[in-house]
Structure formats: C-alpha cells, structure tokens
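The structure under discussion appears below in the form of structure tokens.
The values are calculated or read from the model by the stated rules, or taken from the named source; none is laboratory data. On a predicted model such as this, the values are computed, not experimentally measured, just so you know. Please note that ligands, DNA and RNA were not included when accessible areas were found on the heavy atoms of the full protein model with its side chains. Shrake-Rupley method; radii C 1.70, N 1.55, O 1.52, S 1.80 Å.
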Amino acid sequence: MVIETPKGSPNKYAYAEAFGTFQFKTVLPEGMSFPYDFGFIPSTKGADGDPLDILLLLDAPAFPGCLLQVRLVGVIEAEQRERDGAWERNDRLIGVAVKARTHAHIHALSDLRPGMLDEVEAFFAQYNQLSGREFKQIKRGDSQDARALVQQAADAFA
C-alpha cells in the first residue's frame, strides 16, 4: 500500500496522478484527525474508479508516499452517497503492516479490540458528512473477502 494521510493528521492528502505527487485536499475540524494511517493499493481500480482505500494498523504514523507491505485482515464494505445524490461503492480495506510489532497478533477482524470497527465507521460517517456526502456500512468482510476485492480491483485496473 501507499500512505496518503498519516495517523493523527488533521490534514487530508491524496495522490495526484496528473502531477506525480501528493496534494493537500482539506483540513479536518479542530480536534478531529485520522485515527489510523490511510492510503491506497496501487494498480487497483475500485467501483468508484479510484484505487482501493485501505486503513493501516502500524506502531507509529508513516508519511505520505511511504510504500508498505500489508497483511489484509478484513474489509468494511460500504456505500457513499455523493453530493449529487448518487450512491456508489467505496469499500475500506483493513490491513496490518507486515513489520508492525504492536499489531503483529492481528490476523482477522475478530483480533481487533472491541468497538474499534464501530469507531472507524463513525469516523468515516463524520468525515463524509463534513463533505456533504453520506457513508453507509453494508457489511464487514474477512481477510478472504478483502483479498477477493483486491483481485477484482487489480483485474479492473489491468
């Protein structure tokens, strides 16, 4: 995966392919920050036309542009209503950095602390609401579902 926005950042960054660099997108409200590193899986194309989004568990925040090897542990399958009212899929993969120490024991969503996924979904709901969009969780999938989604998105990219 490639990090776009590091854990703890109130600034949202996104890779701008046209320029080959990272672009500042927005700043979150006072007191709000990204709960985990956030980025994308290169060479994938999700249902929304963008590379697949992934939330990363790592001991300390990485930096925009950092490339990491990730172990997929699950996925939050979700829909997002855009400002024009149209709904589109915008899933969030959950991964653990292969070299992580404090999260080395996590191999499945069931290994996460209780309530963590609820908090992540609440973050994305609030984040989208601030942008005039709506985020709705459809279901939570396991690592097999996550790998299948990545394979599908890699095929769509090719």
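Observations, loosely collected:
- Residue within segment 28-37 that is among the polar types (S, T, N, Q) and in a strand (DSSP E or B) present: no
- Only listed residue being small (Gly, Ala, Ser), closer than 19 Å to ASP118 by Cα and open to solvent by 30 Å² or more (accessible area, probe 1.4 Å), chosen from SER33, SER43: SER33
- In segment 33-49, of all residues being of a type in the set (D, E, K, R) and modelled with pLDDT of 95 or more, the one that is nearest to LEU68 (Cα to Cα) corresponds to ASP37.
- Wholly enclosed strands (runs of 3 or more DSSP E) of segment 67-153 bearing at least 2 residues open to solvent by 40 Å² or more (accessible area, probe 1.4 Å): 70-81, 87-89, 134-142
The rows are residues; the columns are (1) under 15 Å from the mean Cα position of the chain (by Cα); (2) of a type in the set (Asp, Glu).
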residue	(1), (2)
GLY95	yes, no
LYS99	no, no
THR102	no, no
ALA108	no, no
GLU121	yes, yes
ASN128	yes, no
ALA156	no, no
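- Applying the criterion of being open to solvent by less than 50 Å² (accessible area, probe 1.4 Å) and part of a strand (DSSP E or B) to the residues of segment 1-27, the residue that is farthest from ALA153 (Cα to Cα) is ASN11.
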